[in-house]
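Worksheet: the structure to be examined is printed underneath.
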Amino acid sequence: MTHADLIIRAAHWLRKTRRCRVVLTEISSQANEFPDAIGWSGGGATTLVECKVSRDDFRADLKKIFRQCPDRGMGNRRFYMVPPGLIYPGCLPEGWGLIEVSDKQVRVKVRSGVFHPVNTRAEMYVLISELSLYQFVASGGELGPSARGSRIHHEMRRPPPVAPLHPGDT
């Protein structure tokens, strides 16, 4: 399983299981933290998912300032998403959850605690960065052949969801 595969699974999990209305992946912005996946659910609550496919990558992640100082990090809830057996619960930073992903299953092994305070400024930078790119594309701007550019072009071409008619609507 690749890092890209895990990010796709994280986005799906955020949408379907966590019921996040807005889900962004691999966002770079003015924020110093670049989340693999982050979602916003009702009331502005955020869930951050960091995807790891190697122990070395996990160890390097633990050295980041927002892991050592949790109030500088994003996400009211925070998870690592990994292939089975890559990370053991005792290795997790305090409060972090653990999600294991196999070919057929996404399983929460450790639930996340609730982080408060969180770096809402960084979360806003992430949202603004993504909205700016969508606005750029919508106004005719062209993005290069990056994965992020391709994703935005794909999302912009997808038809909007149709609201179901309620009984009595004509």
Only one of (1) in a loop (DSSP other than H, G, I, E, B); (2) at pLDDT below 95; (3) over 18 Å from residue 4 (Cβ atoms) is not met by residue 95, so which one is it? (2)
Suppose the filter is crowded, with 19+ Cβ neighbours inside 10 Å and more than 24 Å from residue 103 (Cα to Cα); does residue 33 pass it? yes
Inspect all residues belonging to the range 82-90 and state whether any of them is assigned to a helix (DSSP H, G or I) and crowded, with 17+ Cβ neighbours inside 10 Å. no
So if I check each of 78, 67, 9, 15, which one is touching a Pro at 6+ places or on another chain (Cβ under 6 Å), basic (Lys, Arg), in contact (Cβ under 8 Å) with a residue 24 or more places away in the chain and not in a loop (DSSP other than H, G, I, E, B)? 67
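The values are calculated or read from the model by the stated rules, or taken from the named source; none is laboratory data. Just so we're clear, the structure is a prediction, and the values are computed from it rather than from any experiment. Every residue, glycine as well, gets a Cβ built from its backbone with ideal geometry; the counts of neighbours run over all protein chains shown.
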